[in-house]
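Below you'll find the structure, written out as structure tokens, and then a few comments.
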Amino acid sequence: MSTTPLRHYLQFNDLTADEYAHVLQRAAVIKKKFKAYEKYHPLADRTLAMIFEKASTRTRVSFEAGMYQLGGSVVHLTTGDSQLGRAEPIEDSAKVISRMVDLVMIRTYGQDKIERFAEHSRVPVINGLTNEFHPCQILADIFTYIEHRGSIQGKTVAWVGDGNNMANTWLQAAELLDFKVHVSTPSGYEVDEAVAGVRQQEGFKVFADPMEACRGADLVTTDVWTSMGYEAENEARRAAFADWCVDTEMMKVARPDALFMHCLPAHRGEEVEADVIDGPQSVVWDEAENRMHVQKALMEFLLLGRVA
Ligand code: CP
Ligand code: NVA
């Protein structure tokens, strides 16, 4: 068990701007050690339980490899191979699992589920994606932006596509870290401010035309038209999102040094043209790799507090 006060990471707002400055700086230090093959085992003998109720490649590999690199170990659970899929109450699962491990990462559907788990957990719980939020991904995206372009403060991020978990998390991040988000979604797929937990309107601006959202942006980003759990809406979404494909024309109206990001997995020819995601402004592979480095810093922070 950790000796630091119990903290969860269920949404982006769960850390302060000052704590983000610390975690981002630690992520850079930890990444450097990794690149130099320098052993760093602050979480020796600690165990992370990873619970997946939805599919994953990046989240699974980044948390699992990251925890081993920090000297710890992992337990991987899915709905199909645990009692979670057989209706054991989430509260009971939280009480049991958190008596045996030091940290829990959950990827699930409703945010309410991860909140109920956290309420009954003795150890920190990390959101590895819910229908509402994907904070670890935005943490990686911001780290990636900083690596390539310096501070994100005062910059403009263009969000083109669904008003989904990624969009909600970008809005929380903009408020906290003082940048702007230009949001363009098809009608009927707007961000729900109450769900996103937006507290001030200054952090974002809505555009009917995705091209206008991209104009002058420092970063253009998008995501799949149909998120996990919404597959039944696939056909309707394909029709509604047809004009929300990030193409070279959109990148041309952004700033000349604008970056392109996508949390992946991507569908070339749907939400993004191949020429953009595989083009010179795209930093998607750094973005994916950085999931591991920022999450190692996050796990270090949640378990050990501020490591100097
Ligand atoms: N970006 C992301 O979370 O990817 P996975 O679904 O592969 O984990
Ligand atoms: N919005 C996507 C992100 C996948 C990493 C989803 O929830 O499926």
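Before moving on, here are some points about what is shown:
- Against the numbered list (1) loosely packed, with under 14 Cβ neighbours inside 10 Å; (2) within 25 Å of F133 (Cβ to Cβ), F52 comes up short only at (1).
Here's the yes/no breakdown for (1) over 14 Å from the mean Cα position of the chain (by Cα); (2) under 22 Å from L10 (Cβ atoms):
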{"residue": "F143", "(1), (2)": "no, yes"}
{"residue": "A167", "(1), (2)": "no, yes"}
{"residue": "L177", "(1), (2)": "yes, yes"}
{"residue": "K180", "(1), (2)": "yes, no"}
{"residue": "S187", "(1), (2)": "yes, no"}
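- Checking A55, A27, A17 one by one, the residue that is within 16 Å of ligand 2 (Cβ to nearest atom) and either touching a helix residue (DSSP H, G or I) at 6+ places or on another chain (Cβ under 6 Å) or under 24 Å from S121 (Cβ atoms) (or both) is A55 and no other.
- When residues of segment 283-305 are limited to those that are surrounded by fewer than 20 Cβ atoms within 10 Å (Cβ to Cβ) and more than 15 Å from ligand 1 (Cβ to nearest atom), the one farthest from A17 (Cα to Cα): L304
- Within segment 190-221, the set of residues being part of a loop (DSSP other than H, G, I, E, B) and under 15 Å from W170 (Cβ atoms) comprises E190, V191, D192, G197, V198, R199, Q200, F207, A217, D218.
- Enumeration of residues in segment 96-142 that are hydroxyl-bearing (S, T, Y) and in contact with a His (Cβ under 9 Å, 6 or more places away or on another chain): S98, S121
- Taking each residue of segment 145-157 that is on the phi < 0 side of the Ramachandran plot and looking for partners that are assigned to a helix (DSSP H, G or I) and of a type in the set (S, T, Y) with beta-carbon atoms closer than 8 Å, six or more apart or interchain, yields I152/Y145; K155/Y145.
- Just one of the listed residues (V104, V183) is more than 16 Å from ligand 2 (Cβ to nearest atom) and either β-branched (V, I, T) or farther than 26 Å from R26 by Cβ (or both), and it is V104.
- Residue within segment 84-100 that is more than 16 Å from ligand 2 (Cβ to nearest atom), open to solvent by 20 Å² or more (accessible area, probe 1.4 Å), part of a strand (DSSP E or B) and touching a Leu at 6+ places or on another chain (Cβ under 8 Å) present: no
- A44 over 26 Å from Y145 (Cβ atoms), open to solvent by 10 Å² or more (accessible area, probe 1.4 Å), among the aliphatic types (A, V, I, L, M) and free of Cβ contacts under 8 Å to residues at least 24 places away in the same chain: no
- Residues within segment 185-196 that are open to solvent by less than 30 Å² (accessible area, probe 1.4 Å) and over 17 Å from A158 (Cα atoms), tallied: 0
- In segment 136-144, the count of residues that are modelled with pLDDT of 95 or more, within 16 Å of ligand 2 (Cβ to nearest atom), in a strand (DSSP E or B) and touching a strand residue (DSSP E or B) at 6+ places or on another chain (Cβ under 9 Å) is zero.
- Among residues that are in contact (Cβ under 8 Å) with a residue 60 or more places away in the chain, away from ligand 1 (no atom under 16 Å from the Cβ), in a helix (DSSP H, G or I) and open to solvent by less than 10 Å² (accessible area, probe 1.4 Å), Q172 is included.
- A single entry from A308, A208 fulfils the requirement of being free of Cβ contacts under 8 Å to residues at least 12 places away in the same chain, open to solvent by 10 Å² or more (accessible area, probe 1.4 Å) and either acidic (D, E) or more than 16 Å from ligand 2 (Cβ to nearest atom) (or both): A308.
- Among the residues of segment 273-293, those that are closer than 21 Å to M250 by Cβ and touching a Phe, Trp or Tyr at 6+ places or on another chain (Cβ under 8 Å) comprise V276, I277, G279, Q281, S282, V283, V284.
The values are calculated or read from the model by the stated rules, or taken from the named source; none is laboratory data. Quantities reported herein were computed from a predicted structural model and do not represent experimental measurements. Every residue, glycine as well, gets a Cβ built from its backbone with ideal geometry; the counts of neighbours run over all protein chains shown. Just so you know, the surface numbers come from the protein's heavy atoms only, side chains and all, with ligands and any DNA or RNA stripped out. Shrake-Rupley method; radii C 1.70, N 1.55, O 1.52, S 1.80 Å.
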